[in-house]
1. Please report how far the C-alpha centroid of the range 38-81 lies from that of the range 84-107, rounded to the nearest whole angstrom.
2. Ranked highest first by the average count of other Cβ atoms within 10 Å around their residues, in what order do 49-55, 103-109 fall?
3. For a label point 7 angstrom out from the Cα of Ala153 toward its Cβ, which stretches of the range 43-76 have the backbone nitrogen within less than 19 Å?
4. Select from Val35, Val90, Val61 the residue whose mean-square fluctuation is largest in a Gaussian network model of the chain (Cα-Cα springs shorter than 10 Å).
5. Which entry in [x] 12.3; [y] 10.0; [z] 9.0 matches mean projected area of the Cα convex hull in nm² derived from the coordinates of this structure?
6. For the range 9-59, what class follows from the C-alpha gyration tensor (a ≥ b ≥ c being the square roots of its eigenvalues): rounded when a/c is under 1.5, otherwise prolate if a/b is larger than b/c, else oblate?
7. Please tell me the relative contact order of the chain in percent, rounded to the nearest whole number, where contacts are Cα pairs under 8 Å and at least six residues apart.
Amino acid sequence: MLPRVCVCYLLRESAGGREVLLGRKKEGLGAGRLVGLGGKLEPGETALAAAVREVHEESGVVVAASDLDHRGRLTYRFPTRSAWSQESDVFVGTRFDGVPAESDELVPAWYRVDRLPLDEMWDDARFWLPGVLAGGRVRRAFRFAEDLASVDAEEEPPAA
């Protein structure tokens, strides 16, 4: 069984169009990349509870569990660094309180959904994130290459 994590994408409407909150990761897995807010589940914690907690810890923004929509699950396999392999529950929300602020983990900022900076994100995002932000759902599995950065194959997702 792979370690479980969660990721949350908050959306808002602005004068320039629809925007998504992403964060520039400061350290650890994915350092330097733009990522959705999220992280590891604590023992006994649900993915939904972890998403609420992680959004607040990483950005100071408060979101209610009832305002998050579970959009699916992603499986990531890193054959050359198995400790990085994980399953991630994906959430999207449009209601929240607060202004995103920098944390020890990341520097949050709003990005236009129609101009996603996919070249600054994990490689798999280009395959599924635009569809999820447009209202879709996802259940996919990706295998990363030896460079630990690029997707080299899409696999059959594990049974639920």
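1. After rounding, the separation between the Cα centres reads 7 Å.
2. Numbers: 49-55: 22.9, 103-109: 17.0.
Per-residue Cβ counts within 10 Å, averaged per peptide and sorted highest first, yield 49-55, 103-109.
3. 74-76
4. Result: Val61 has the largest fluctuation of those listed.
5. Computed from the coordinates, mean projected area of the Cα convex hull in nm² corresponds to [z].
6. Numbers: a/c = 3.28, a/b = 1.42, b/c = 2.31.
It comes out oblate by the Cα gyration axes.
7. On the way: 347 pairs, mean separation 42.4, N = 160.
Relative contact order for the chain comes out at 27 percent.
Since every read-out is calculated from the coordinates, none of them should be taken as a lab result. From a predicted model like this one, the values you see are computed outputs, not experimental measurements. Note that each Cβ is placed from the backbone with ideal geometry, even for glycine, and that neighbours are counted across all protein chains shown.
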